[in-house]
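Q: If you scroll down you'll find the structure; I have some questions about it.
The values are calculated or read from the model by the stated rules, or taken from the named source; none is laboratory data. Here the structure is a predicted model, which means the values were calculated and not measured. Cβ atoms come from the backbone with ideal geometry, glycine included; neighbour counts cover every protein chain shown.
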């Protein structure tokens, strides 16, 4: 795939998968052996099933959650995507990767990240995620 096709694939996951909460799109975009690496000792997710379960739980913690693609760059098999999101915390929040449960607060929560994706054979095989899960928890508990 070209860098432009890789960028379109990753953007498709956000706009057509995460925003409408369509996990079938996520399962098409991300490879069965996909690995997601989180920063600061927050852990890793291995395999599409673990990722879909964690993502569905994460997204389900918010109502009116909207992801916005702010910037996207691609070169070779890598895509860098800067995104932001805002939603109302209306469900139990376990984090991504899941850590601890925070009951709904009704607060509007904003978060963002710049993530790097690796694409092979038309699917995302790896992600280096920069989401600051500690900031999300802070907004829910302060």
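Q: Kindly provide the set of residues from the range 14-38 that are under 13 Å from residue 66 (Cβ atoms) and in contact with a strand residue (DSSP E or B) (Cβ under 6 Å, 6 or more places away or on another chain), ordered by number.
A: Passing the criteria: 14, 18, 19.
Q: Within the range 82-93, can one find any residue that is surrounded by 13 or more Cβ atoms within 10 Å (Cβ to Cβ) and over 18 Å from residue 19 (Cα atoms)?
A: No, the conditions are met nowhere in the range 82-93.
Q: Here is a check on your reading of the model: is residue 70 out of contact with any strand residue (DSSP E or B) (no Cβ under 9 Å at 6 or more places or on another chain) and either closer than 22 Å to residue 2 by Cα or free of Cβ contacts under 8 Å to residues at least 40 places away in the same chain (or both)?
A: no
Q: Residues being farther than 25 Å from residue 11 by Cα and in contact with a strand residue (DSSP E or B) (Cβ under 8 Å, 6 or more places away or on another chain): count how many of those fall in the range 133-142.
A: 4
Q: Residues that are within 20 Å of residue 133 (Cβ to Cβ): find the helices (runs of 4 or more DSSP H) completely inside the range 1-117 holding 2 or more of those.
A: Passing ranges, in order: 48-60.
Q: Also, quick follow-up: When the residues of the range 83-110 are narrowed to those that are at pLDDT 95 or above and under 11 Å from the mean Cα position of the chain (by Cα), which ends up nearest to residue 69 (Cα to Cα)?
A: Only one residue tops the list, namely 83.
Q: Restricting attention to the range 1-29, which residues are over 22 Å from residue 93 (Cβ atoms), in contact (Cβ under 8 Å) with a residue 12 or more places away in the chain and in contact with a helix residue (DSSP H, G or I) (Cβ under 8 Å, 6 or more places away or on another chain)?
A: Selection gives 1, 9, 10, 12, 25, 27, 29.
Q: Shifting gears a bit: Within the range 38-76, restricting attention to residues that are buried (at least 16 other Cβ atoms within 10 Å of the Cβ) and closer than 14 Å to residue 124 by Cβ, which residue is nearest to the chain's Cα centre (by Cα)?
A: 55
Q: Take residue 130 and decide whether it is touching a strand residue (DSSP E or B) at 6+ places or on another chain (Cβ under 6 Å), closer than 26 Å to residue 74 by Cα, in contact (Cβ under 8 Å) with a residue 40 or more places away in the chain and outside any strand (DSSP E or B).
A: Against the criterion (touching a strand residue (DSSP E or B) at 6+ places or on another chain (Cβ under 6 Å), closer than 26 Å to residue 74 by Cα, in contact (Cβ under 8 Å) with a residue 40 or more places away in the chain and outside any strand (DSSP E or B)), residue 130 qualifies.
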